[in-house]
1. For residue 24, are the conditions met, namely being assigned to a loop (DSSP other than H, G, I, E, B), crowded, with 17+ Cβ neighbours inside 10 Å and at pLDDT 95 or above?
2. On the basis of being assigned to a loop (DSSP other than H, G, I, E, B), modelled with pLDDT of 95 or more and farther than 17 Å from residue 197 by Cβ, does residue 89 make the cut?
3. Among the residues in the stretch 192-203, are any touching a strand residue (DSSP E or B) at 6+ places or on another chain (Cβ under 6 Å) and assigned to a loop (DSSP other than H, G, I, E, B)?
4. When you go through 218, 184, 231 one by one, which is the residue that is more than 15 Å from residue 81 (Cα to Cα) and modelled with pLDDT of 95 or more?
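The values are calculated or read from the model by the stated rules, or taken from the named source; none is laboratory data. As the structure is a prediction and not an experimental result, all values here were calculated from the model. Note that we place each Cβ from the backbone using ideal geometry, even for glycine, and neighbour counts take in every protein chain shown.
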């Protein structure tokens, strides 16, 4: 078994965001990898108008998924669920999808379909550059309130401006319709309230709930590890 982690929006260095859970998994002999997402400016040109978007993110994740035939669990966080819906479709090695405070889009849906049409107050959208990002002053209270101070400080250095057009680009496949799925509800999430997560989760095969904020793989890595090992 291996795990492929797909990080959320407006951050870079995906391996760092998952490192606490990844280290615990490796101690149990389970390797993992966190693909770079081009729309966040990882591994290439910066995100923005005319830059990489959802199709490039899908291609990057799909390439990693197709690199081997080992049974794979894909763990997608937040925006990562939009990417995974298309990237994991038809990949025979993918045996399970885990959606963490995330989305299970139908074919033709985009990230914007899960909102109310207005930017969240913790986001900064810059139409001139064609990017959006998390307002640094909202980072801890919205997404990391249950993490330790060192983690909060390190996370602040991992924010990224992302191509805003990923919010409107539709997915071309819905892997969760063919692959067994588990939805992890983060009950104390202030970015995506638990009531919305529970609504999104109704499409998943199994629903698990943890009393955590938006990043349980940082605040309660052992609990996330145990969930993944149970699969």
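1. Values: assigned to a loop (DSSP other than H, G, I, E, B): no; crowded, with 17+ Cβ neighbours inside 10 Å: yes; at pLDDT 95 or above: yes.
When the stated conditions are applied, residue 24 does not pass them.
2. Numbers: assigned to a loop (DSSP other than H, G, I, E, B): yes; modelled with pLDDT of 95 or more: yes; farther than 17 Å from residue 197 by Cβ: yes.
The answer is yes for residue 89.
3. No, the stretch 192-203 contains no residue that is touching a strand residue (DSSP E or B) at 6+ places or on another chain (Cβ under 6 Å) and assigned to a loop (DSSP other than H, G, I, E, B).
4. Working: 184 fails: more than 15 Å from residue 81 (Cα to Cα); 231 fails: modelled with pLDDT of 95 or more.
Checking each option against the conditions leaves just 218.
Here is a yes/no grid of residues against (1) surrounded by fewer than 20 Cβ atoms within 10 Å (Cβ to Cβ); (2) in contact with a helix residue (DSSP H, G or I) (Cβ under 7 Å, 6 or more places away or on another chain); (3) within 24 Å of residue 55 (Cα to Cα):
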residue: 145; (1), (2), (3): yes, no, no
residue: 159; (1), (2), (3): yes, yes, yes
residue: 182; (1), (2), (3): no, no, no
residue: 222; (1), (2), (3): yes, yes, no
